[in-house]
Amino acid sequence: MFRLVSLNLNGIRSAATKGLIPWTEGHAADCMGVQELKVHVDDMPAPLKSFAGMNGHFHHAEKKGYSGVGLYTRHEPSDVIVGLGEHDSSGEFDPEGRYVELRFDKPGRPLSIISCYFPSGSSSEERQEAKFRFLDVIEPHLARLRGQREFILMGDVNIAHREADLKNWKGNLKNSGFLPEERAWMTRLLDPAGNTRLVDVYRALHPDTTDECYTWWSNRGQARAKNVGWRIDYHLATPGLAETARQAAVYKEQWFSDHAPLTIDYDFSV
């Protein structure tokens with residue numbers, strides 16, 4: 001099995017004080033995608049750059065203490081792609097540190113693993129508009145990638161797709177993360193007849209889960225204690241890789257941030 005973990009850290013230094021490294025060492029992941037590093041790589045303590053037998057590759061934000069993504073891997077990639085580059089012609093999002101891709105290419109089998117952090121639109125209308133612009137950028141990029149290689153994108157997408165993906169769906173119909181436009185975007189991304197034709201791997205394995213599927217909880221109103229959560233962390237895979245997924249689990253016995261780790265085991269090797 002090839003074990004892939006996705007986790008929004010809400011600050012890697014904070015997560016490390018809550019037991020992230022010992023947990024990872026015992027979890028035996030082959031690769032771990034993380035989001036919201038909240039630290040510039042130059043300021044990252046050395047023990048956080050490589051641990052649990054995995055080396056880290058990062059895309060940090062220019063703004064200190066903001067955003068940033070990483071991929072830790074115990075396998076040497078054939079290439080590392082940091083940022084969207086020319087695929088974001090506006091140049092708006094690479095300074096925010098939202099995309100890192102590791103390639104594990106072999107003759108006849110190009111394969112990528114991606115860690116991506118989608119913007120949140122909850123803080124203001126301006127950030128919601130930025131989120132929509134990001135969706136407009138990332139969708140054609142993933143469609144292009146889909147035509148070239150197999151891949152799995154792990155990350156905090158900041159969208160709950162279906163009513164089963166959040167506790168209080170009726171009360172959030174007009175809130176960022178569950179807006180009709182965002183949900184329609186996810187539906188289009190996952191449409192088997194569409195341009196990207198990606199698979200929501202967790203839902204492919206667990207089509208009917210509700211309370212146990214959540215990966216994020218607000219820090220307000222005892223949301224975690226009451227399990228008033230959202231499923232906004234995903235593995236989005238090309239169909240060939242999605243078919244190799246064998247089991248998926250959201251780990252909630254220990255808390256490293258306001259998100260929970262999503263682990264999926266795949267029957268492939270790099």
Exercise. Does A223 meet the test of being touching a strand residue (DSSP E or B) at 6+ places or on another chain (Cβ under 6 Å), without any contact (Cβ under 8 Å) to a residue 40 or more places away in the chain, outside any helix (DSSP H, G or I) and at negative phi?
Worked result: yes
Problem set entry | Criterion: charged (D, E, K, R) and under 25 Å from L20 (Cα atoms) - qualifying residue of E101, E126 | E101
Exercise. When you go through L111, L145, L179, L135 one by one, which is the residue that is open to solvent by 10 Å² or more (accessible area, probe 1.4 Å), hydrophobic (A, V, I, L, M, F, W, C) and either farther than 18 Å from V201 by Cβ or over 16 Å from the mean Cα position of the chain (by Cα) (or both)?
Worked result: L179
For this session: Output the residues belonging to region 1-13 that are assigned to a helix (DSSP H, G or I) and open to solvent by 20 Å² or more (accessible area, probe 1.4 Å).
Result: R13
For this session: Evaluate the following for G229: is it touching a strand residue (DSSP E or B) at 6+ places or on another chain (Cβ under 9 Å), on the phi < 0 side of the Ramachandran plot and loosely packed, with under 14 Cβ neighbours inside 10 Å?
Result: no
Problem set entry | Flag for G19 being exposed (fewer than 15 other Cβ atoms within 10 Å of the Cβ) and touching a residue at least 40 places away in the same chain (Cβ under 8 Å) | yes
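Of Y234, Y202, which residue is open to solvent by less than 40 Å² (accessible area, probe 1.4 Å) and assigned to a strand (DSSP E or B)?
Y234
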Exercise. Of all residues in region 46-87, which are at pLDDT below 95 and either surrounded by 17 or more Cβ atoms within 10 Å (Cβ to Cβ) or touching a helix residue (DSSP H, G or I) at 6+ places or on another chain (Cβ under 7 Å) (or both)?
Worked result: none
For this session: Run down G240, G194 and say which single residue is small (G, A, S) and assigned to a loop (DSSP other than H, G, I, E, B).
Result: G194
Problem set entry | Residue satisfying condition, being in contact (Cβ under 8 Å) with a residue 40 or more places away in the chain, among the β-branched types (V, I, T), out of contact with any Lys or Arg (no Cβ under 6 Å at 6 or more places or on another chain) and assigned to a loop (DSSP other than H, G, I, E, B), within set I159, I152, I138 | I159
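I'd like to check something: does region 14-25 contain any residue that is among the acidic types (D, E) and not in a helix (DSSP H, G or I)?
Scanning region 14-25 turns up no residue that is among the acidic types (D, E) and not in a helix (DSSP H, G or I).
Can you say whether A249 is without any contact (Cβ under 8 Å) to a residue 24 or more places away in the chain, of a type outside the set (K, R) and part of a loop (DSSP other than H, G, I, E, B), as far as the supplied structure shows?
So A249 does not fit the description; no.
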Seminar exercise, completed: Subset of region 244-267, residues closer than 19 Å to V228 by Cβ and crowded, with 23+ Cβ neighbours inside 10 Å, comes to H259, A260, L262
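The values are calculated or read from the model by the stated rules, or taken from the named source; none is laboratory data. Nothing here was measured: the structure is a model prediction, and the numbers come from that model. Don't worry about glycine lacking a Cβ; one is built from the backbone with ideal geometry, like all the others, and counts go over all protein chains shown. Just the protein is used for accessible areas: all its heavy atoms, side chains included, with ligands, DNA and RNA removed. Shrake-Rupley method; radii C 1.70, N 1.55, O 1.52, S 1.80 Å.
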